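First the structure, in the form of structure tokens, and then the observations on it.
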Amino acid sequence: MLDNKQIKRLEAEAVNSAKTRQPLYAARRKIFPKRASGRFRQFKWLVMAITLGIYYLTPWLRWDRGPFAPDQAVLIDLANRRFYFFFIEIWPQEFYYVAGLLMMAGVGLFLVTSTVGRAWCGYTCPQTVWVDLFLVVERAIEGERNARMKLDAAPWSARKLFLRTSKHAIWMVIAVATGGAWIFYFADAPKLLGEVLSGTAAPVAYGTIAVLTGTTYVLGGLMREQVCTYMCPWPRIQAAMLDENSLTVTYNDWRGEPRSRHAKKALAAGQAVGDCVDCNACVAVCPMGIDIRDGQQLECITCALCIDACDGIMDKLGRERGLISYATLADYNANMALATAGGTGPVNPALVRTASGSFVDGLAHFHLGEIFRLRTYIYLGVWSAIGLVLVYSLLTRERLELNVLHDRNPQFVTLSDGSIRNGYTVKLLNMIPEPRTIEVTLEGLDGGEMSVVGIDQPPSRSFSISVEPDRLKTLKVFVRQPAGEIKRPVQRFEFRIDDQASSETAEYTASFNAPENGR
């Protein structure tokens, strides 16, 4: 077990420290995050591996939809205006499913923020994930924090040029892979990869790769924390979604203050001493370059790396973990009231400990039940309702559609035998990747018969036609009614279509127009 003064103090200062507050247009202060180790860092490694794996590998997954549809599991087929997601196929007129998913994503972010703060920012935001990946490369080539700082301050040499060139070259490879992976979502991945490598791909493919390569390289490698601080609106938005029961990364100054690197001397002098030894480990590991001990800040993405760093120091000192922890404002205020004798005095950590050194029983701790409150119930209810509506709609949606457009000029034609003929454009939509044989039937309209342009069969009340997989079939249909059967100038009737193989059916109510006198 180490003493306070045996803990090495790192030379680290927050970029937004009041002592070094920069003007609005000051040059960026470089941040060299120290590698952290602990349970939250391990969780971030896991999340990074999963998210990057999903992004890079998903276009290569196959899903058998039969011989008439693409076999790529996830495909945004712009040429044919389709979106394939495993067994789900979305058509343009079904874009409300995409809108529903976006609504669920938005409400989900509200739910996550109201419960565990900016967990999205700290663990799964693409900016965070790619910056983490770029930092892995930087550490592997240039070394740990002190080595990187020393290299940055050193004059240019052959070694520095080699290290910097190697780092940026690998960054560029990652950026190109990121841009390349994106275009594979919009075409058959193996085929498109061959075209890209052979130089035969469409110009838009190369343009997309170039743009995403540039943005990935600049945002993930060069700008890093500036994207979160200056470009992203989410830090401002999330402030309106936090309340006193939201979990945030918190420095518990009710047990950490006053800071001291010479605790024994301070205690001997009768001074209050907190658990913080002012080692700056929390500042050194922060990818945003802030000091969590300054309180809640817009720049904090709640990645919890400062918790890992501080827990490691507490372990070395033989003290309880949690000097920096996930905590709610309500619990923090309750504990601060204990440490300040109800707010009547300065912070005295002795007030939250017993004579044996353990924490008093009245200390507030987070309980899972604090997450479940009216606000989160509302978010969860809205999120679940949207999801249930989407699932129900997917399970009950029709894959066979019928649309009919009546000719407007002329609205009707009187034939030589006195019968009246109306023209219609009939559209049959087959929304499955298999061919169908559709029977079209005329219901109602006494004595009415249909004839179809391009189909060699006598007029009748029904006919069969083949519709290709995932295709719209447009037919020109003429409906004739004998003069003696016409009852009124406008009559309603139905076009009905049936697929005998799947028992699917659809109907469309149309109007049949005739002269006022029926002749």
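The values are calculated or read from the model by the stated rules, or taken from the named source; none is laboratory data. This structure is a prediction, so every number in the text was calculated from the model and none was measured. Cβ: placed from backbone, ideal geometry, glycine included. Neighbour counts: every protein chain shown.
Evaluating Val173 against the criteria (1) without any contact (Cβ under 8 Å) to a residue 60 or more places away in the chain; (2) over 30 Å from Ala12 (Cα atoms); (3) exposed (fewer than 15 other Cβ atoms within 10 Å of the Cβ); (4) touching a helix residue (DSSP H, G or I) at 6+ places or on another chain (Cβ under 9 Å) leaves one unmet condition, (4). Within the range 463-470, the presence of at least one residue that is crowded, with 18+ Cβ neighbours inside 10 Å, under 45 Å from the mean Cα position of the chain (by Cα) and on the phi > 0 side of the Ramachandran plot is confirmed. Being small (Gly, Ala, Ser), under 23 Å from Ser260 (Cα atoms) and surrounded by 12 or more Cβ atoms within 10 Å (Cβ to Cβ) is not true of Ala355. Can you confirm whether the range 78-97 contains a residue that is free of Cβ contacts under 8 Å to residues at least 12 places away in the same chain and among the aliphatic types (A, V, I, L, M)? Yes; the residues of the range 78-97 include at least one that is free of Cβ contacts under 8 Å to residues at least 12 places away in the same chain and among the aliphatic types (A, V, I, L, M).
For the criterion of being part of a helix (DSSP H, G or I), of a type in the set (Val, Ile, Thr) and farther than 21 Å from Thr178 by Cα, Val136 fails. Condition first: at pLDDT 90 or above and among the charged types (D, E, K, R). Can you find one or more residues in the range 43-51 that meet it? Yes; the residues of the range 43-51 include at least one that is at pLDDT 90 or above and among the charged types (D, E, K, R).
Of the strands (runs of 3 or more DSSP E) lying entirely inside the range 426-519, those containing at least 3 residues that are over 15 Å from Phe412 (Cα atoms) span 436-443, 462-467, 471-481, 490-499, 504-513. Checking each residue in the range 51-60 for being touching a helix residue (DSSP H, G or I) at 6+ places or on another chain (Cβ under 9 Å) and either assigned to a loop (DSSP other than H, G, I, E, B) or not hydroxyl-bearing (Ser, Thr, Tyr) (or both) picks out Leu52, Leu57, Pro59, Trp60. Tallying residues that are surrounded by fewer than 18 Cβ atoms within 10 Å (Cβ to Cβ) and among the hydroxyl-bearing types (Ser, Thr, Tyr) within the range 98-146 yields 1. Considering the range 476-519, the residues that are farther than 14 Å from Asn422 by Cα and β-branched (Val, Ile, Thr) include one that is surrounded by the fewest Cβ atoms within 10 Å (Cβ to Cβ), namely Thr509.
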